[in-house]
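J.: Below are the structure tokens for one structure; questions will follow.
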Amino acid sequence: MARRTSPNDTTRRSPATTLLAVAAASALVVPAAALATPAAAADPGPQTTDRHIVVLVNFRSAKLTEPDVDRQEARSRFFGPTGSLASYYAANSGGRFAVAPAKGDGVLGPFDLDMDNATCDTNKMAELARKALPADVTYDHVSIVIPSTKACQWWGLGHQPGSVTWLQEGAVKDTAAIVHEVGHNLGLAHQEWHVCTPGSFTACTADGYSARTPMGGGGEKKGLSAPELLALKWLTPQQTTTPTATATVRLTPLHAAANTSGVRAIDLPLGSGGDRVVVEYRTPDAGTPDINVAQGVVVYRVPKGRYDHAVMITNSKRDDKTTVGSFKAGAALTDTANGLSIGVTGSTAAGAEVRITLGNGSTPDPNPGPTSSASPSRPGTGTTPTHTAAPTSAQPTPTRSAGDGDDATDIGSTALPPRPTETTTTGGAASLAHTGADVTVPAVLGSTLVLGGGALALLLRRRRAQHRRH
């Protein structure tokens, strides 16, 4: 789900320096026989139109403070031509995923729900909201905007995967929160930053969130990461490659203009256990979804081939200013047990040269493991909730911790929770955890509410002392 982000609600500036600069090479520096196209990068499907409806609701004991403003903000933040949920996913998908109003301008209500705000019963909210909708409303996803309440200890909540998001009133003005929550609906998990022991891609410890995607606390001014694009099948076979022998691959920036040729992602198996490794190169470019991403080559480990649960890996902590992307001072990342080494030999704004060294006499199988788009996670299959702090106020006051155009973490007014100890409370038919990861709640499929099943990710709100910068 979506809360304003960074683990301790602090910002992190990525290093402004780039890796070794080199003259722009023109093509892949690699023997043709050493490359293969991974099966995971199947041809993206045809354009999908997501029929979305935003429902404003009141409780018996609490009402929206600015319903007219909320309605206007919802139209803009969900369906507007720029700075919206629709424009974000259109840009990231290359026009393959369109968000459109399910009826009229896409915003209905406010409807009065026959419940109070003493408890945060999301099951009941969703059921009553469904009953309040006109019979002719058919939708794929629904976002329920509720009066701000201390009972709901989150800023936004999203079913993962599924069709429902819940937003406290202030979050309807927060594009980053909306993008993040709908990302959960599409199956994307929170993306973490893992510090790995040199020589291993699996002996790693979480150190907060990646800050390179809305799902990792990066905000709406950063595009989706390469593993997320692979999970959603928004990269073509021509944009991905799998070296089958030692080679140097030239990576084009992941979110370069659509008419820019070149490989956008390297996708490799890691041993024989089903894990994979994905490598991307990102540069800030105001003409792409990567408006203020930190420049650099980044490596991700994909557990059991689940691209939507990938984690960023590096040998450095987040606060290490000598680290660019996943790499510190030009040192390679190596997994000795699996005979794989990844290094960066140079980069410019136009691309980066990435050296893939395959050792120990092993040749990786180019066929990737399954993606979670085909096999979504369900409760009881290993999801782990994470603890988050309670909000400090019933009525949020959105602020930004970073201005547009810099490299600081910026996803509106919500922050990803710190990692943590697990706590769970029970309310209604579902078990709801104070978490930043997955918890059980209802799913809405099409226009029908399905109680039980699915998982939910949420983000908590904490006020920021800093002023909004525009």
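The values are calculated or read from the model by the stated rules, or taken from the named source; none is laboratory data. For clarity, every value in this text was computed on a predicted model and none was experimentally measured. Glycine gets a Cβ as well: all are built from the backbone with ideal geometry, and neighbour counts include every protein chain shown.
J.: Within segment 289-296, identify whether any single residue is in the same structural domain as Leu230 (by TED's automatic domain parsing), in contact with a helix residue (DSSP H, G or I) (Cβ under 8 Å, 6 or more places away or on another chain) and crowded, with 19+ Cβ neighbours inside 10 Å, and answer yes or no.
T.: Looking for residues that are in the same structural domain as Leu230 (by TED's automatic domain parsing), in contact with a helix residue (DSSP H, G or I) (Cβ under 8 Å, 6 or more places away or on another chain) and crowded, with 19+ Cβ neighbours inside 10 Å, one finds at least one in segment 289-296, hence yes.
J.: Has segment 194-202 got at least one residue that is over 30 Å from Ser61 (Cα atoms) and surrounded by 23 or more Cβ atoms within 10 Å (Cβ to Cβ)?
T.: yes
J.: Still on this structure, please answer the following. Can you name every residue in segment 309-352 that is outside any strand (DSSP E or B) and β-branched (Val, Ile, Thr)?
T.: Thr322, Thr336
J.: Still on this structure, please answer the following. State whether the residues of segment 126-145 include one that is farther than 12 Å from Leu56 by Cα, within 20 Å of the chain's Cα centre (by Cα) and crowded, with 24+ Cβ neighbours inside 10 Å.
T.: Yes, that holds for at least one residue.
J.: When segment 92-106 is examined, which residues are found to be buried (at least 16 other Cβ atoms within 10 Å of the Cβ) and either in the same structural domain as Lys222 (by TED's automatic domain parsing) or among the aliphatic types (A, V, I, L, M) (or both)?
T.: Val99, Ala102
J.: Continuing with the same structure: Quickly run through segment 301-353 and pick out the residues that are touching a helix residue (DSSP H, G or I) at 6+ places or on another chain (Cβ under 7 Å) and of a type in the set (Ser, Thr, Tyr).
T.: Of everything in segment 301-353, just one residue is touching a helix residue (DSSP H, G or I) at 6+ places or on another chain (Cβ under 7 Å) and of a type in the set (Ser, Thr, Tyr), namely Tyr307.
J.: Considering only strands (runs of 3 or more DSSP E) fully contained in segment 147-209, which possess at least 2 residues that are in contact (Cβ under 8 Å) with a residue 40 or more places away in the chain and more than 17 Å from Lys317 (Cβ to Cβ)?
T.: 156-160, 164-168
J.: For segment 160-185, name all the residues that are under 16 Å from His309 (Cβ atoms) and surrounded by 24 or more Cβ atoms within 10 Å (Cβ to Cβ).
T.: Scanning segment 160-185 gives Gln160, His180, Gly183, His184, Asn185.
J.: Among Arg318, Arg276, which is the only one that is in contact (Cβ under 8 Å) with a residue 40 or more places away in the chain and farther than 15 Å from Leu333 by Cβ?
T.: Arg318
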